[in-house]
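First up is the structure itself, then whatever we jot down about it.
The values are calculated or read from the model by the stated rules, or taken from the named source; none is laboratory data. Quick caveat, the model's predicted, so the values are computed rather than measured. Please note: Cβ atoms are built from the backbone with ideal geometry, for glycine as well, and neighbour counts cover all protein chains shown. Accessible surface areas use protein heavy atoms only, side chains included; no ligands, DNA or RNA. Shrake-Rupley method; radii C 1.70, N 1.55, O 1.52, S 1.80 Å.
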Amino acid sequence: MTITDAEMAALLAPAGILFLRRLRSNEEPPRLLPPYVSPAGALPEHGRIDSPAIDIDDPDLAAKVRETWFWMATEYELLDDDREFLLGVDYADPEDVDREWAWARVRLLDEWDLGGGDDGPLPMWMRFYMGERFVPEFTVMTLDGRMMMNTTLWGDGTVSTIVIRPASDKRPDVLR
């Protein structure tokens, strides 16, 4: 069973993310990467820029993830003037095996928490538990689709944020 927009709004609210609306399929941004390349698999020629990695056992994990994410979001212009952006969300019921991914237009509120730590406000599809620790993993994009960011957990026990920002003159139509 698919969750509703109201339920999605309630899931995002504790993280300080205001849900505005789900994008219709004809509004979805163009792909920034070839279909076979994930943000984590992107290369520098795809426009990939990495933040420093943070060890999941770092006692300041949550603060460092928040600080790094916000710095990358600001430096690479994720947020518009109203602090709005697109967030990859899962509309599938948590009990369902199949996922139902979509883009949602959201606003980052003044009080927000996309970090990590022993517990976290993000919905289950935006985080992993590593032992007793909450580790964020989610994808966001600018409203115009020119840049995406992916905060991810790596196999070596670190978390980082990746920016994918292809040069506009190097963005072949096949990626759209």
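Among the candidates 144, 110, 173, which residue alone is more than 12 Å from the chain's Cα centre (by Cα), modelled with pLDDT of 90 or more and farther than 26 Å from residue 10 by Cβ? Spell out how you get there, then give the answer.
Numbers: 110 fails: farther than 26 Å from residue 10 by Cβ; 173 fails: modelled with pLDDT of 90 or more.
Only one candidate qualifies: 144.
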Quiz item: Which condition breaks for residue 37 when tested against (1) surrounded by fewer than 13 Cβ atoms within 10 Å (Cβ to Cβ); (2) touching a Leu at 6+ places or on another chain (Cβ under 9 Å); (3) without any contact (Cβ under 8 Å) to a residue 40 or more places away in the chain?
Solution: (1)
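Just to be sure I understand, how many residues within the range 41-52 are surrounded by 15 or more Cβ atoms within 10 Å (Cβ to Cβ) and within 12 Å of residue 160 (Cα to Cα)?
So the first thing to find is which residues in the range 41-52 are surrounded by 15 or more Cβ atoms within 10 Å (Cβ to Cβ), and the list is 42, 46-49, 51.
Among the residues that remain, those that are also within 12 Å of residue 160 (Cα to Cα) are: 49, 51.
The number of residues fulfilling the criteria is 2.
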Quiz item: Among the residues of the range 40-59, how many are assigned to a loop (DSSP other than H, G, I, E, B), touching a residue at least 12 places away in the same chain (Cβ under 8 Å) and not small (Gly, Ala, Ser)?
Solution: 3
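If you check residue 6 against the conditions, is it modelled with pLDDT of 85 or more, over 27 Å from residue 155 (Cα atoms) and not in a strand (DSSP E or B)? Steps first, please.
Working: modelled with pLDDT of 85 or more: yes; over 27 Å from residue 155 (Cα atoms): yes; not in a strand (DSSP E or B): yes.
So residue 6 fits the description; yes.
Give the residue that is modelled with the highest pLDDT, with candidates limited to residues of the range 89-101 that are under 19 Å from residue 23 (Cα atoms) and open to solvent by 10 Å² or more (accessible area, probe 1.4 Å). So that I can check it myself, show each step before the final result.
Taking the range 89-101 and keeping what is under 19 Å from residue 23 (Cα atoms), we get 89-93, 99-101.
Remaining after also requiring open to solvent by 10 Å² or more (accessible area, probe 1.4 Å): 93, 99-101.
Working: 93: 75, 99: 78, 100: 81, 101: 85.
Looking at residues that are under 19 Å from residue 23 (Cα atoms) and open to solvent by 10 Å² or more (accessible area, probe 1.4 Å), I get 101.
Taking the range 83-94 on its own, how many of its residues are without any contact (Cβ under 8 Å) to a residue 60 or more places away in the chain and of a type in the set (Asp, Glu)?
Keep residues of the range 83-94 that are without any contact (Cβ under 8 Å) to a residue 60 or more places away in the chain, which gives 83, 85, 88, 90, 94.
Within this subset, residues satisfying the condition of being of a type in the set (Asp, Glu) are 90.
Selection size over the range 83-94: 1.
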Self-check item: Qualifying position, being on the phi < 0 side of the Ramachandran plot and in contact with a strand residue (DSSP E or B) (Cβ under 9 Å, 6 or more places away or on another chain), among 93, 81
Solution: 93
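Criterion first (surrounded by 18 or more Cβ atoms within 10 Å (Cβ to Cβ) and either at negative phi or not in a helix (DSSP H, G or I) (or both)) does residue 18 satisfy it?
Details: surrounded by 18 or more Cβ atoms within 10 Å (Cβ to Cβ): no; either at negative phi or not in a helix (DSSP H, G or I) (or both): yes.
So residue 18 does not fit the description; no.
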Quiz item: Does any residue in the range 60-82 that is within 18 Å of residue 142 (Cβ to Cβ) and without any contact (Cβ under 8 Å) to a residue 40 or more places away in the chain come within less than 6 Å, Cβ to Cβ, of a residue that is in a helix (DSSP H, G or I) and small (Gly, Ala, Ser) six or more places away or on a different chain, and which pairs are these?
Solution: 79/73
Quiz item: Restricting the range 70-88 to residues that are open to solvent by less than 60 Å² (accessible area, probe 1.4 Å) and assigned to a loop (DSSP other than H, G, I, E, B), which is farthest from residue 10 (Cα to Cα)?
Solution: 76
